[in-house]
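The values are calculated or read from the model by the stated rules, or taken from the named source; none is laboratory data. All values reported here derive from a predicted model rather than from experimental measurement. No Cβ is skipped: glycine too gets one built from the backbone with ideal geometry, and neighbour counts run over all protein chains shown. These accessible areas exclude ligands, DNA and RNA; they are computed on the full protein's heavy atoms, side chains included. Shrake-Rupley method; radii C 1.70, N 1.55, O 1.52, S 1.80 Å.
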Amino acid sequence: CRLVATHLNVQAGECIKVKGKILPEAKGFAVNVGKDRSNLVLHFNPRFDSHGDVNVIVCNSMEDGMWGTEERETDFPFQQGDKTEICISFDTADLMVKLAGDKEIAFPNRLGLQNIEYLSVEGDFAIRAIKFS
Ligand SMILES: CCCO[C@@H]1O[C@H](CO)[C@@H](O[C@@H]2O[C@H](CO)[C@H](O)[C@H](OCc3cn(Cc4cccc(C#CCN)c4)nn3)[C@H]2O)[C@H](O)[C@H]1NC(C)=O
């Protein structure tokens, strides 16, 4: 794990911004937000080449350590070696992930979380900055 932040108390409508650089030979990375490591309202996992997926964003939730149903996005705005920025915000219904090129991905707030306490970043990603706004 590259970073874990807890006790964040991010409210609906606020943004979590993760800025960094994707490693040149990246296979994949993940940004996780939720209540804690076993209760993720969003596991956001761009895969360059992993688990048999090539250039696919896999999104999922985790409840009490159990994965939910995956949602996959093949419109893939990431390049190995590039700098990128991911902004996650949410309301009671959905999470919104703003990506480069004005791309946005929505994912249902399956856990119905009122606030986000936990953030982790994993995999082939060099973090430059984490901002809350
Ligand atoms: C076709 C029948 C079988 O279906 C497959 O079944 C697999 C197991 O369930 C799923 O895979 C799981 O999918 C889950 C989301 O749903 C999760 O991503 C989970 O990974 C957790 C996890 C996180 N981390 C940390 C980390 C993160 C990113 C980079 C690195 C790195 C590095 C240095 N290069 C490390 N390590 N493991 C993954 O294993 C597949 O998608 C799924 N495929 C399909 C098509 O359905």
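Of the candidates Lys103, Lys131, the single residue that is touching an Asp or Glu at 6+ places or on another chain (Cβ under 9 Å) and open to solvent by 20 Å² or more (accessible area, probe 1.4 Å) is Lys103.
Set side by side, the residues Phe90, Phe29, Phe78 differ, and just one is hydrophobic (A, V, I, L, M, F, W, C), over 18 Å from Glu122 (Cβ atoms) and open to solvent by less than 60 Å² (accessible area, probe 1.4 Å), which is Phe90.
Among the residues of segment 106-123, those identified as closer than 14 Å to Val18 by Cβ and either open to solvent by less than 60 Å² (accessible area, probe 1.4 Å) or hydrophobic (A, V, I, L, M, F, W, C) (or both) are Ile116, Tyr118, Leu119, Ser120, Val121, Gly123.
Among the residues of segment 13-26, which ones are open to solvent by less than 60 Å² (accessible area, probe 1.4 Å) and part of a loop (DSSP other than H, G, I, E, B)? Scanning segment 13-26 gives Cys15, Leu23, Ala26. Of the residues Val10, Val4, the single one that is touching a residue at least 24 places away in the same chain (Cβ under 8 Å) and crowded, with 17+ Cβ neighbours inside 10 Å is Val10.
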